[in-house]
Structures are given as structure tokens and as C-alpha cells.
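> My questions all concern the structure below.
The values are calculated or read from the model by the stated rules, or taken from the named source; none is laboratory data. Since the model is a prediction, treat every value here as computed from it, not as a measurement. Quick reminder, even Gly has a Cβ in these numbers, built from the backbone with ideal geometry, and neighbours come from all protein chains shown. Calculation scope for accessible area: heavy atoms of the full protein, side chains included, ligands and nucleic acids excluded. Shrake-Rupley method; radii C 1.70, N 1.55, O 1.52, S 1.80 Å.
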Amino acid sequence: MAPGAMNRWTHSLSDAQPVPYWLDDPGRPRPQPALTTSETCDLLVVGGGYSGLWTALIAKERDPGRDVVLVEGREVGWAASGRNGGFCAASLTHGLPNGLARWPQEIHRLQELGARNLDAIEAAVARHSIDCDFERTGEIDVATEPYQAAELRDWHEETVRRGLAEDVEYLDAEAVREQVNSPTFQAGLWDRRGVAMLHPAKLAWGLKQACVKLGVRVHEHTPALTLKPYGAGMAVRTPYGRIRARQVALGTNIFPSLVRRVRSYTVPVYDYALMTEPLTEGQLASIGWKNRQGLGDSANQFHYFRLSADNRVLWGGYDAVYPYGGRVRAEYDDRPETYAKLAGHFFTCFPQLEGVRFTHAWGGAIDTCSRFSAFFGTAHQRKVAYAAGYTGLGVGATRFGAEVMLDLLSGERTERTELDMVRKKPLPFPPEPFAWTGIALTKWSLARADAQAGRRNLWLRTMDRLGLGFDS
Ligand SMILES: Cc1cc2nc3c(=O)[nH]c(=O)nc-3n(C[C@H](O)[C@H](O)[C@H](O)COP(=O)(O)OP(=O)(O)OC[C@H]3O[C@@H](n4cnc5c(N)ncnc54)[C@H](O)[C@@H]3O)c2cc1C
């Protein structure tokens, strides 16, 4: 990297606030009051991200008479749900390639359930008047290397043959640049219906409002400290009060689970993003992007990028940082060396935008599991259900996870609970130093594969055979 260029890129970051753009919003609602007494309820939901919010909302929609309480340790949407890229995908399996590799027998069913889930999100956004800039634009996977273009074409042919590519179009270099003009783009696959773009924090805030309207008692700044059996139900201790609940649903993502044995299934992987100032009409015209799709490139170390409602560009991904020891800490949310790297990559992709400045730069923890897609389970004789491990694709899939948790608590067999994906768990991560060493070796190998036309070394091939992986 030439020193002059490095200076130009870091200059573009000099005013960037180290806070998630989406949460830096004058419309951020006031938190609901903390719990200061003792409560009883039918269903206690722990966690005020999408997982918990969808669980509480759907519980009420399924049975309006159910008495539901939701507790959030800080503020609704402050964590992953308020700081993600806002790509709301139909895929429940962290993308079709991962789903097809792991569950070939049920992939058609999983795709269908995922498409229905995304339709249900769109319908709920309309039903509850959630103002979250929901736009069903689809997403283009772009190739930036010739080998990636060939892989995209082969993959498209294979998925068409298998009947898995409805509404997916292959774009050659000219066609993809007609959509979004970058000199680096060599081909693309445009999934027209399978992904929506939205404002992540506004979705979380809107879901909270919908929960409150339906009678869910939401308490923010109320961490659940312990979870224990109590009589026929469960008891949860919080700093100022105790909650007795017939059943409990845990939507606590990467934070230490109140069911200890769940903890080893996930590790936090930090992902980072930048947001530009709003583009001028001239700047926007220079890159096209009239159909406003989300984009992601096809390398192992990939970028994701999209427009906001006011035509900023969000540019994220690439570095996936696992901190030794696997702890979630606020200090990891800010990483200037990654921001400088991301800014450089942004101007390589869009040289027309030279001079554009970034207003926000931030990071957050992703709950990565070894199969990249959520796992589910129950504890305490089915009085507690949990869902976690969405890796980098939980904006849409958390709604499906909420339905699974409610199915499991109801004790009913449903089309969801019969899935292998729901019945089986991923392999857990080993303790340190093995987790760090394995992840570091995998990351090094993935970067090497990107530099060597996608060729996977022995370590990656072995991991593939074992069905183990690392992603963000
Ligand atoms: C930078 C970044 C970019 C991403 N981009 C995308 C994307 O574009 N598309 C996509 O699909 N996914 C993306 N993801 C992933 C997605 O954001 C998550 O999968 C999703 O938000 C998970 O929702 P959740 O409710 O399970 O977790 P969270 O949003 O993390 O919510 C969990 C909540 O539980 C609370 N909590 C935890 N323990 C307790 C306790 N004991 N008591 C009370 N409260 C507790 C926490 O305070 C937190 O608010 C991204 C993630 C990050 C970090």
C-alpha cells in the first residue's frame, strides 16, 4: 500500500464517529422502565434483539391471552440487531451453498421456509406499520476475479438444474456494471426476491413498539442474572426484582447463555463497517445503482455494501476478528486499522467516489457457530428454549428461530421442529488455546485461498470434510 494512498484513505475517516450509524438517530426511542418489583408471567423472553422481540411478538400473535414479559440487559437493539448491515435474507442457512452442503435432503424445504419467513417479515412490517426503510431489492453477489466469475456461472447452472435458482439471474461483466458501476466487477448473480434491505435499528425499535402495543411488558436495563427451576416453572433473578415464569425463551445471542452448556457452540467474531456521508446526485449517477440492491463480493474475506435510504454507502466486512479467549468486550467494537483497510478497499471498488468522506465507523460481535447457521434446543424439561449461532445472517433468520423456540416450548411437532437443521446441533468449539489456534489457521488459509484463485489447502479441505468452518 503506497504511503500517499494510505494518507488519502485515512483522511476520509478523520471525521468518522466510532458509533453505529443506525443507532446514532434522533428517533431512537426512550427505553422502557427497568424492572423494580417482582413479576410473574406465562412466558419470559430474555434479550431485546430481533430474536427476543420476534419471540415475544409472535407469542402474542399466536395467543393474545398469553402473559409475556421481555427483559433486556441494556437497550433494545443496542447489540448486533442495531449495528448490522441490514441485509434481511430469506436464507436460513447462511446462504444456499452452506445449506446445500450440510442439508442436501431438506434444502428445498429450507429454502421454501426461508422465503415464507421473509414474506412474513415483510407482512409484519406492514401490519405493525414499522418504519424501517424496508426495500425488497434483492442482492447481487459479485465476482472481482476471473476464477470467481467462472465459479458464479457454474454455481448458477447447478442451482438452475436443481430447481433452486428461481428469480436468480447471472450477469456478465457488462450487465453487472450496468447495475452498479465498479471497474472491479467481472460478473454477478442477482437474487431478485431473496433479500431485502432495511434500517436495522428501526426494525428493532419498531418491533419493540409492536410488542408493547400487543401487551408485552418490556423492561430495559434489566439483565437476567440467574435462571433456576422454581416450582412448576422457572425463576430469573434481575438486579432489582425476580420474575417467575411458566416458560422462558433465551434470545441472548453471543452473550453468555443462562444455559451453560450452550456457550461452547458459539464464538464472537468481530465484524466492522463504515458509512459514508450521503452521496450527491452526481456521485450516485457515477455508480448507477438505480435498483438499490445489496451487494457482496465472492471472496472468502468478503465485503458487503448497500445504500441507505438517504443514499449513503454502507461498506463492511473483510476482517473477521476473533479475540483470544472469546470474550465480548466493548473495546473490540472499535478497530481503526480495520477501518483504514476497509476505506482503501472502498475507493478501489469505487474510484469515482474519491473525496467522499465517512461519517461513522463501528464494529460488533457476530455469534459464529461451526456450521454458520442457527441451532436450537431446550433445557429444564422443556421449560426453557434457546436459539443462537446465526453467524452473519440473522436479520431474517431470527424470526424463524423465534417460531422454532415457540414450537419447542409448545411441545408440538411442526414442519420446523422436524427439520434435521433444528434437531441436530453443530460441533462445539474447543477451549483455548485450541480455539484460537484453529481459527487463526483457518483465517490464514482462507486469505491464502483468496490470493491463489480460490485453491483450498489441506487444512481447509480437511475442515470441509469434517463439516467445520469459520465465517462471519
Ligand atoms: C457488524 C455486523 C453486521 C451484520 N450484518 C448482518 C447483515 O447484514 N445481515 C444479517 O442477516 N445479519 C447480520 N449480522 C448478524 C445479525 O445482526 C444478528 O444475527 C442478529 O442481530 C442477532 O439477533 P439477536 O437478537 O439474536 O442478538 P442481539 O441483537 O445481539 O440481541 C441479544 C440481546 O440480548 C441481550 N442479553 C444478553 N444476555 C442477556 C441477559 N442475561 N439478560 C438480559 N438481556 C441479555 C443483549 O443485551 C442483546 O441486546 C451482522 C452482525 C454484526 C455485528
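> Per DSSP H run of n ≥ 4, the term is -39500 (n - 2.57); total these for the chain, divide by its residue number, and report the mean residue ellipticity at 222 nm rounded to 500 deg cm²/dmol.
Values: 14 runs with 158 residues, N = 472.
Helix contribution divided over all residues of the chain: -10000 deg cm²/dmol.
> Using the Karplus equation 6.51 cos²θ - 1.76 cosθ + 1.60 (θ = phi - 60°), what ³J(HN,Hα) coupling, rounded to whole Hz, does each residue of region 31-41 give in order, writing x for Gly and Pro?
Computed from phi, the couplings for region 31-41 are x, 6, x, 5, 6, 10, 10, 9, 10, 10, 7 Hz.
> Full-extension gain between ALA440 and ARG161, please, as 0.36 nm times their residue separation minus the C-alpha to C-alpha distance. Intermediate results must be reported in sequence, preceding the final value.
Values: separation 279, 0.36 × 279 = 100.44 nm, distance 3.68 nm.
So the extension gain works out to 96.8 nm.
> Order LYS383, LYS443, LYS208 by their accessible area, 1.4 angstrom probe, all chains in place, largest first. Present the calculation step by step, with values, prior to reporting the outcome.
Numbers: LYS383 35, LYS443 65, LYS208 10 Å².
Descending order: LYS443, LYS383, LYS208.
> Another question, if that's okay. Measure off 7 Å from each Cα along the Cα-to-Cβ vector at ARG62 and ASP119, then give the distance between these two points in nanometres to one decimal.
Those two pseudo-labels are separated by 2.0 nm.
> Grab the Cα-Cα distance for ARG448 and THR417, subtract it from 0.36 nm times how many residues apart they are, and report the gain in nm with one decimal.
Working: separation 31, 0.36 × 31 = 11.16 nm, distance 3.92 nm.
Difference between extended and current length: 7.2 nm.
> Further question: TRP459 versus TYR324, label points 7 Å from Cα toward the beta carbon: distance in nm?
Result: 1.6 nm between the two label points.
> Here's another thing I want to ask about it. Between beta-carbons, use under 14 Å as the cut-off and find the net charge around PRO426, counting Lys and Arg +1, Asp and Glu -1. Display every interim value, and only then the final one.
Working: positive: ARG102, ARG261, ARG263, ARG371, ARG423, LYS424, LYS425; negative: ASP367, ASP420, ASP471.
Once positives and negatives cancel, what remains is +4.
> Rank these by accessible area, largest first, 1.4 Å probe: THR266, THR10.
Values: THR266 20, THR10 55 Å².
Largest to smallest exposure gives the sequence THR10, THR266.
> Still on this model: Rounded, prolate or oblate: pick one for region 1-98, where a ≥ b ≥ c are the square roots of the eigenvalues of its C-alpha gyration tensor, a/c under 1.5 means rounded, and failing that, prolate if a/b is larger than b/c, else oblate.
Values: a/c = 3.82, a/b = 1.87, b/c = 2.04.
Since a/c reaches 1.5 but b/c is at least a/b, the shape of region 1-98 is classed as oblate.
> Round to the nearest 0.05 the FRET efficiency obtained for GLU169 and GLN381 when R0 = 45 Å and r is the Cβ-Cβ distance.
The computed FRET efficiency comes out at 0.35.
> What does the accessible area per residue of the chain come to in Å², with a 1.4 Å probe and no ligands, DNA or RNA counted?
Working: 19920 Å² over 472 residues.
Dividing the accessible area of the chain by its residue count gives 42 Å².
> Also: For ASP25, what accessible surface area do you get with a 1.4 Å probe? Give it in Å², rounded to 10.
Estimated to the nearest 10 Å², ASP25 gives 40 Å².
> Each label point is 7 Å from the Cα along the Cα-to-Cβ direction; what then is the distance between the points at GLU151 and SER38, in nm?
Result: 5.8 nm between the two label points.
> Using alpha-carbon positions, what is the distance between the centroids of region 155-220 and region 345-366, in Å?
Rounded to whole Å, the Cα centres lie 20 Å apart.
> Taking GluC sites (Glu not before Pro) as exposed when DSSP calls them loop (any state but H, G, I, E, B) and at most 14 other Cβ atoms lie within 10 Å, what is the longest stretch of the chain free of them, the sites themselves excluded? Let's see the in-between values first.
On the way: sites that count: GLU166, GLU354, GLU412, GLU415, GLU418.
With GluC sites (Glu not before Pro) excluded where exposed in loops, the chain gives 167-353 as its longest stretch.
> Please report the relative contact order for region 265-316, taking Cα pairs under 8 Å with a sequence separation of at least 6, and give it as a percent rounded to a whole number. The partial results should precede the final answer.
Values: 57 pairs, mean separation 21.9, N = 52.
Relative contact order comes out at 42 percent.
> Could you tell me which of the pairs LYS383/LYS425; LYS383/LYS424; LYS202/LYS443; LYS60/LYS228; LYS228/LYS424 are separated by over 28 angstrom between their Cα atoms in the structure shown?
On the way: LYS383/LYS425 19 Å; LYS383/LYS424 19 Å; LYS202/LYS443 33 Å; LYS60/LYS228 24 Å; LYS228/LYS424 25 Å.
LYS202/LYS443, as the Cα separations exceed 28 Å there.
> Express in Å², to the nearest 10, the accessible area of ARG335 obtained by rolling a 1.4 Å probe over the protein heavy atoms while all chains stay in place.
ARG335 exposes around 60 Å² with every protein chain in place.
> With a cut-off of 8 Å between alpha carbons and a minimum separation of six or more residues, what is the relative contact order of the chain in percent? Don't skip to the end; give the middle numbers.
Details: 1016 pairs, mean separation 107.9, N = 472.
23 percent.
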